[in-house]
Amino acid sequence: MTGIVFLGPPGVGKGTQARRLAEYLGVPTISTGQIFRDNMAANTDLGAQARQYMDAGELVPDSITDPMVENRLAQPDVAGGFILDGYPRSLAQAQSLERMAHTNGFQIDLVIDIQAPRDVLVAHMLKRAGEENRADDSPEIFARRLEAYAQKTAPVTDYYRDRQVLAPVDGLGTILEVGERIVCVADSVGLLAGSDK
Ligand code: AMP
């Protein structure tokens, strides 16, 4: 079973691109941020636990996030492959994912790392703040999320580069342009082979 990971700073459009590729490949997207937001909206215990960290622009602790991902990856709909959006976000999470892969019989075959300059990320955040009303899309909290990314998530790229599955993708351009680049990358590593694409 093939897993694809989307990495990249907040505001780079990785959620949008992850959903587009998932639709293209016919596999589910697992977005940890979206699962947390859904739980917050539904007032679950998990939502209450995550809220304080999300509202502060910090990462939710691994003791909450890792079991949530492990449970999701045990669902039957991931048997044909899956896309992870927003996980792993630290070296410790990357190691947890490797352990889950070992136990559950899947592998991460491709890690798409979308990058864009900070001013583009901020512009995207401001646009999204108007459209989606996310509590963590304020300039101050967004700056903290960028910092959490630089400190904790950026080192994950080295981890996957060493494993020779990292594919950097230029995040500048329209959704369609960036999406085209991603499909090319997926094709180049053989992930479209055997599909009707
Ligand atoms: P996102 O929608 O991916 O931008 O995530 C929004 C927020 O959810 C992040 O700023 C974190 O507070 C939290 N979050 C999402 N994914 C993770 C993760 N893998 N580990 C810890 N916190 C996460």
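The values are calculated or read from the model by the stated rules, or taken from the named source; none is laboratory data. Bear in mind the structure is a predicted one, so any value in this text is a computation, not a measurement. These area figures cover heavy atoms from the full protein model, side chains too; ligands, DNA and RNA do not enter into them. Shrake-Rupley method; radii C 1.70, N 1.55, O 1.52, S 1.80 Å.
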In whole Hz, with x marking every Gly and Pro, tabulate ³J(HN,Hα) for region 89-98 from phi via Karplus 6.51 cos²θ - 1.76 cosθ + 1.60, θ = phi - 60°. 10, 7, 4, 4, 5, 4, 5, 4, 5, 5
If you build a Gaussian network model of the chain, linking Cα atoms that sit under 10 Å apart, which residue out of 175, 83, 114 swings the most? 175
Taking all protein chains in place and a 1.4 Å probe, what share, in percent, of the accessible surface of the chain do carbon and sulfur account for? 50 percent
By how many nm would the segment from residue 133 to residue 102 lengthen if fully extended, with 0.36 nm per residue of separation less the alpha-carbon distance? 7.3 nm
Spelling it out for residue 169: with amide H atoms placed in the peptide plane at 1.01 Å from N, the residues 5 or more places away or on another chain with amide H under 5 Å from its amide H are 113, 114, 115
With a probe of 1.4 Å, find how much accessible area region 77-180 has per residue, and write the answer as a whole number in Å². 52 Å²
With 0.36 nm assigned to each residue of separation and the Cα-Cα distance removed, residue 174 to residue 92 gains 26.2 nm
Over the chain: helical MRE at 222 nm, DSSP H runs n ≥ 4 each giving -39500 (n - 2.57), nearest 500: -17000 deg cm²/dmol
How large is log10 I(q)/I(0) at q = 0.09, 0.19 Å⁻¹ when the Debye formula is applied to the Cα atoms of region 1-132, each weighted equally and without solvent? -0.26, -1.21
Between residue 84 and residues 5 or more places away or on another chain, the pairs with built amide H atoms under 5 Å apart involve 4, 5, 6, 30
Whole-Hz Karplus couplings 3J(HN,Hα) for region 106-115, θ = phi - 60° and coefficients 6.51, -1.76, 1.60, Gly and Pro as x, run 10, 9, 8, 8, 8, 10, 8, 10, 8, 10
